[in-house]
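The values are calculated or read from the model by the stated rules, or taken from the named source; none is laboratory data. Nothing here was measured: the structure is a model prediction, and the numbers come from that model. All Cβ positions, glycine included, derive from the backbone under ideal geometry; neighbour counts span all protein chains shown.
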Amino acid sequence: MTRNLLKHDSISDFLEILATWGKLHGPVLTDDGVTAFRPLGPGIDLLLDYNRTLVPPKKYLLPPRDAVLFFAPNEGYRQPAAAVPETILVGLHPCDLQGIAYLDKAFMGDRIDPLYRARRTALTLIGLSCEPDEYCFCDDLSVTETHGCDLFMRRSPDGFHLRSNTPKGKAILDSLTPILAEGEPLPADSRTCDMAAEIRQASDRGETFGESELWGEFAGLCLSCGACSLCCPTCYCFDIREYGALNGETAMRLREWDNCLFKDHGEVAGGFNFRKNRQERFQYRFQHKYLGFGPTRGIVSCVGCGRCRVVCPVGIDLLELFKEIEDER
Amino acid sequence: MSDSRDMTIVPLPATIMGRKAMTADTALYRLILENSEKDRFDFNPGQFIQLSVPSGGEVPITLAGPPLLQNSFELCVRRVGHVTEMLHHLLPPDRVWVRGPFGNGFPLREWTGRNILLIAGGLGIAPLRSLLYTLLMHRGDFGEITLMYGARETSAILFKDELVELSGRRDMHLFLTVDFAKEESLGGLTCNTGLLPTLLKGVNFSSTGTVAAVCGPPALYKCLLEELQELGIPAELIYLSLERRMKCGIGLCCHCAVGDLFCCSDGPVFRYSQLKGISGAI
């Protein structure tokens, strides 16, 4: 027996201790009825039983608009001073942890993005177990539960079993000991999902579903609203825009969320567009999500969170492509 | 190297040393990096830079001159967007900012001993000019060198003075064609009328052991590639320089993917054999 059990009636003490480690953020129900990651504080209830947030936690690492360079005539272009406050993100489901692990590969792999690294280093991840709903199709959870976060909270009838995975997580767990009860350490959860297995196999064979008639159907329905990419925990493609100040001298260069379903995504100077129609844009998104390109080649970046299936206003579901193959068998 | 001096992340200042108008909307710029003793600027033909004009933003531009030009470099820029529009208002010794160089460039080392056929359409002459001058700098390493260059009309032909000089060289062949015009003499240059594939059919050149480097608008690739293969140049030896809107240049922003390849970091120069079967590649 170890002291690793967080009982339900100790949650407020738990949050109080966590807050000594950094600014606390977690899933809350906002006034407009949306589940969102927000700062926690007095009078704000942390949701420990929720399906999914609308916007994934990528916003903590890649804000929708992020100043990457400042320009002044006598200084040229310079990077912003990276002063990022310590942030504790509590209540992340395994799919969102997997999403962050993927972003880490893209932004802190062979080439390190300084802004991303500054934010990532200041971020402590506290995972939370979940129960899948009809939109979820996540794969085996044990990896994220044991590697993808600093601390993991697994729900049990008595409360939450805590497990630390990193030195930071261990230090936090130690600081929590006074409020924890003794409990049996639980083995990491493992859950299998047929859909996730199907996706992995299709990706391994480099499946593009090029002949499928579904592409035409999707393109016919799609409104190019871009909601599916916006709410995707691993969609990170960005545009770079420069905004001159009114003084006519200084300027700010921003990295802004972009969207491969938008028409101008594949446009080049002079107006020629390499992905003029929706079908081409859909296939581009599919390529990135399920086959990868560049440094993420061969990596499936769909984590099965189900957000795109929930938010699409016309009910497009890329998983139908995989299901079609399954049905043919 | 600290981040603040990492030229792939933070643009460094460069002075415009020269500007030469080529056509009504296209000019050749010669730039030199400031403090360039520390940052010796070297590149391979076919690579590109990200050019910044403050308040306007950044655009990818191919390097148009030979490498190691006393540490300066040349860009041939057409005024087609808001950044290039702003650039066209600048004159020596105004400043711009530069990141790079990015991309792979043409694999010259693999071409030793081969005949080289360069085919440029329109502004596609820019990277091939860089390539051509580099080949000529190491003339003895290569076989026959042929440049075929097509433009829409005679007034759109870029680098006319240089073409006149090149046409007088005995160690390379030069063929020009324009889409619309009467056959005319052009300040000492002979120019055909018709599209590049037609020119290609009509010209005798040795296709054995020949490498082709092609750069031009997508419409050019579509008709030219079959023609080149029929003439006996295999897809593995046809190199294309692709255009995409690279926003970052370092394989992150995800705007320039071609199949599972990034134009900015895996390209922009690809063998045609790499691109076959990739829908939307050309």
Since A:Leu125 meets every condition but one in (1) in contact (Cβ under 8 Å) with a residue 12 or more places away in the chain; (2) outside any strand (DSSP E or B); (3) within 28 Å of A:Asp66 (Cα to Cα), which condition does it not meet? (2)
Quick one: is A:Leu151 more than 20 Å from the chain's Cα centre (by Cα) and not assigned by TED's automatic domain parsing to the domain that holds A:Tyr290? no
Mind telling me which of the residues B:Pro67, B:Pro45 ends up being modelled with pLDDT of 95 or more, part of a loop (DSSP other than H, G, I, E, B) and not small (Gly, Ala, Ser)? B:Pro45
Go through (1) at pLDDT 90 or above; (2) crowded, with 16+ Cβ neighbours inside 10 Å one by one and return the number of the condition A:Glu256 breaks. (2)
If you take just the helices (runs of 4 or more DSSP H) that sit entirely in the stretch A:175-294, which of them hold at least 3 residues that are on the phi < 0 side of the Ramachandran plot and in contact with a helix residue (DSSP H, G or I) (Cβ under 6 Å, 6 or more places away or on another chain)? A:194-204, A:214-221, A:278-286
Taking the criterion of being in a strand (DSSP E or B), without any contact (Cβ under 8 Å) to a residue 60 or more places away in the chain and outside the structural domain of A:Thr234 (by TED's automatic domain parsing), would at least one residue in the stretch A:91-99 satisfy it? yes
Filtering the stretch A:164-180 down to residues that are buried (at least 21 other Cβ atoms within 10 Å of the Cβ) and over 10 Å from A:Leu6 (Cβ atoms) yields A:Ile172
Checked against (1) more than 16 Å from the chain's Cα centre (by Cα); (2) crowded, with 18+ Cβ neighbours inside 10 Å, A:Asp158 satisfies every condition except (2)
Filter result for B:Thr8 (touching a residue at least 40 places away in the same chain (Cβ under 8 Å), assigned to a loop (DSSP other than H, G, I, E, B), within 14 Å of chain A (Cβ to nearest Cβ) and hydroxyl-bearing (Ser, Thr, Tyr)): yes
Helices (runs of 4 or more DSSP H) fully within the stretch B:151-254 counting 3 or more residues that are more than 30 Å from A:Leu254 (Cα to Cα), of a type in the set (D, E, K, R) and away from chain A (no Cβ under 14 Å): B:160-167, B:218-230
If A:Ile240 satisfies all but one of (1) out of contact with any Phe, Trp or Tyr (no Cβ under 8 Å at 6 or more places or on another chain); (2) touching a residue at least 40 places away in the same chain (Cβ under 8 Å); (3) within 10 Å of chain B (Cβ to nearest Cβ); (4) closer than 30 Å to A:Glu213 by Cα, what's the number of the condition it fails? (4)
Test A:Val303 against the criterion of being surrounded by 21 or more Cβ atoms within 10 Å (Cβ to Cβ) and more than 14 Å from chain B (Cβ to nearest Cβ), and give yes or no. yes
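Rundown of residues vs (1) modelled with pLDDT of 85 or more; (2) within 28 Å of B:Gln50 (Cα to Cα); (3) buried (at least 19 other Cβ atoms within 10 Å of the Cβ), yes/no style:
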| residue | (1), (2), (3) |
| --- | --- |
| B:Asp179 | yes, no, no |
| B:Ser185 | no, no, no |
| B:Pro268 | yes, yes, yes |
| B:Ser279 | no, yes, no |
Here are A:Leu223, A:Leu230: which of them is touching a Phe, Trp or Tyr at 6+ places or on another chain (Cβ under 9 Å) and surrounded by fewer than 22 Cβ atoms within 10 Å (Cβ to Cβ)? A:Leu230
Determine which single condition B:Phe262 fails, assuming it passes every other condition in (1) within 16 Å of A:Phe274 (Cα to Cα); (2) more than 10 Å from chain A (Cβ to nearest Cβ); (3) buried (at least 22 other Cβ atoms within 10 Å of the Cβ); (4) free of Cβ contacts under 8 Å to residues at least 60 places away in the same chain. (2)
Working only within the stretch A:172-217, note down all residues that are among the polar types (S, T, N, Q) and either in contact with a His (Cβ under 7 Å, 6 or more places away or on another chain) or at pLDDT 90 or above (or both). A:Ser175, A:Thr177
Taking B:Ala126, is it surrounded by 13 or more Cβ atoms within 10 Å (Cβ to Cβ), assigned to a strand (DSSP E or B) and not assigned by TED's automatic domain parsing to the domain that holds B:Ala27? no
Unmet criterion (only one of (1) part of a loop (DSSP other than H, G, I, E, B); (2) in contact (Cβ under 8 Å) with a residue 24 or more places away in the chain; (3) under 28 Å from B:Arg78 (Cβ atoms)) for A:Cys302: (3)
Might you let me know whether the stretch A:308-323 holds any residue that is in a helix (DSSP H, G or I), within 9 Å of chain B (Cβ to nearest Cβ), surrounded by 20 or more Cβ atoms within 10 Å (Cβ to Cβ) and on the phi < 0 side of the Ramachandran plot? no
